[in-house]
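Here's the structure we're looking at; comments come further down.
The values are calculated or read from the model by the stated rules, or taken from the named source; none is laboratory data. From a predicted model like this one, the values you see are computed outputs, not experimental measurements. Every residue, glycine among them, receives a Cβ derived from its backbone with ideal geometry; neighbour counts consider all protein chains shown. Accessible surface is based on the protein model in full, side chains and every heavy atom, while ligands, DNA and RNA are left aside. Shrake-Rupley method; radii C 1.70, N 1.55, O 1.52, S 1.80 Å.
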Amino acid sequence: MSEGKHFEIERKYLIRYPDVALLKAQKGVEQWEIVQIYLTVSGPGETRRIRQLVSGGEIKYYKTFKRRLSDLTCVEEEGEIDQLEFIRLSKELQPGCKPLNKTRYRIPYVGHVLEFDIYPFWNDRAIMEIELEREDEGAALPEYVRVIRDVSDDVAYKNRQLAENVIYEKI
């Protein structure tokens, strides 16, 4: 996680449910258990969230503010907070949103980091994200990733939307 203010450019893919044992076996893999809570916002294109992140037995808390500039790019401001601030902010839950739980596997691959999000409500699909330096940058994907489609510009697959309405259509 990057602290401070920065641009985030990422591609997001809907993928077939991956072999979790294979993900865990990848060199340099990090596994995070995440609870993500979306907070009320003041304008369109804005997202406020808090996260509880558990990794290696350590619990950390983060606050993030995003302002969308395009389908692939946003300005993101992120910082670590303490548990009391997390609890206080959780009272600003966006109406209609539920806390979103996921397991994230972060895997270095050919100069990028692939992030696989496994959600408890799906057993046939997952989301894979890859952060880029430029919107037009290409990125290699490992052969074990079975992409269904690019959902970078599909609002329905944004985590904020999933916290409101889980997608169950057949793939």
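State all residues of segment 31-75 that are more than 13 Å from the chain's Cα centre (by Cα), over 23 Å from PRO95 (Cβ atoms) and acidic (Asp, Glu); if no residue qualifies, say none.
Answer for segment 31-75, where residues must be more than 13 Å from the chain's Cα centre (by Cα), over 23 Å from PRO95 (Cβ atoms) and acidic (Asp, Glu): GLU58, ASP71.
Restricting to segment 144-153, name every residue that is modelled with pLDDT of 95 or more and either of a type outside the set (Ser, Thr, Tyr) or in contact with a strand residue (DSSP E or B) (Cβ under 6 Å, 6 or more places away or on another chain) (or both).
VAL145, ARG146, VAL147, ILE148, ARG149, ASP150, VAL151 - these are the residues of segment 144-153 that are modelled with pLDDT of 95 or more and either of a type outside the set (Ser, Thr, Tyr) or in contact with a strand residue (DSSP E or B) (Cβ under 6 Å, 6 or more places away or on another chain) (or both).
Quick check on segment 141-157. Is at least one of its residues in contact with an Asp or Glu (Cβ under 9 Å, 6 or more places away or on another chain), of a type in the set (Asp, Glu) and loosely packed, with under 14 Cβ neighbours inside 10 Å?
yes
If you scan segment 19-39, which residues turn out to be open to solvent by 40 Å² or more (accessible area, probe 1.4 Å), touching a strand residue (DSSP E or B) at 6+ places or on another chain (Cβ under 9 Å) and either of a type outside the set (Val, Ile, Thr) or at pLDDT below 95 (or both)?
Answer for segment 19-39, where residues must be open to solvent by 40 Å² or more (accessible area, probe 1.4 Å), touching a strand residue (DSSP E or B) at 6+ places or on another chain (Cβ under 9 Å) and either of a type outside the set (Val, Ile, Thr) or at pLDDT below 95 (or both): LYS24, GLN26, LYS27, GLY28, GLU30, GLN31, GLU33.
List every residue pair whose Cβ atoms sit under 8 Å apart, with the two residues 6 or more apart in sequence or on different chains, where the first one lies in segment 139-164 and is free of Cβ contacts under 8 Å to residues at least 60 places away in the same chain and the second, anywhere, is open to solvent by less than 40 Å² (accessible area, probe 1.4 Å) and in a loop (DSSP other than H, G, I, E, B).
So the pair list comes out as ALA156/ILE167.
Kindly provide the set of residues from segment 86-140 that are surrounded by fewer than 16 Cβ atoms within 10 Å (Cβ to Cβ), polar (S, T, N, Q) and not in a strand (DSSP E or B), ordered by number.
Matches in segment 86-140: SER90, ASN123.
Specify the residue that is nearest to ILE107 (Cα to Cα); the eligible residues are those in segment 27-39 that are in a strand (DSSP E or B) and among the charged types (D, E, K, R).
Restricting to residues being in a strand (DSSP E or B) and among the charged types (D, E, K, R), the top hit is GLU30.
Look through segment 66-76, keep the residues that are part of a strand (DSSP E or B) and touching a Ser or Thr at 6+ places or on another chain (Cβ under 7 Å), and return whichever of them is least open to solvent (accessible area, probe 1.4 Å).
Result: GLU76.
Please determine, by comparing only the residues of segment 40-54 that are part of a strand (DSSP E or B), of a type outside the set (A, V, I, L, M) and open to solvent by 40 Å² or more (accessible area, probe 1.4 Å), which one is farthest from SER152 (Cα to Cα).
Restricting to residues being part of a strand (DSSP E or B), of a type outside the set (A, V, I, L, M) and open to solvent by 40 Å² or more (accessible area, probe 1.4 Å), the top hit is GLN52.
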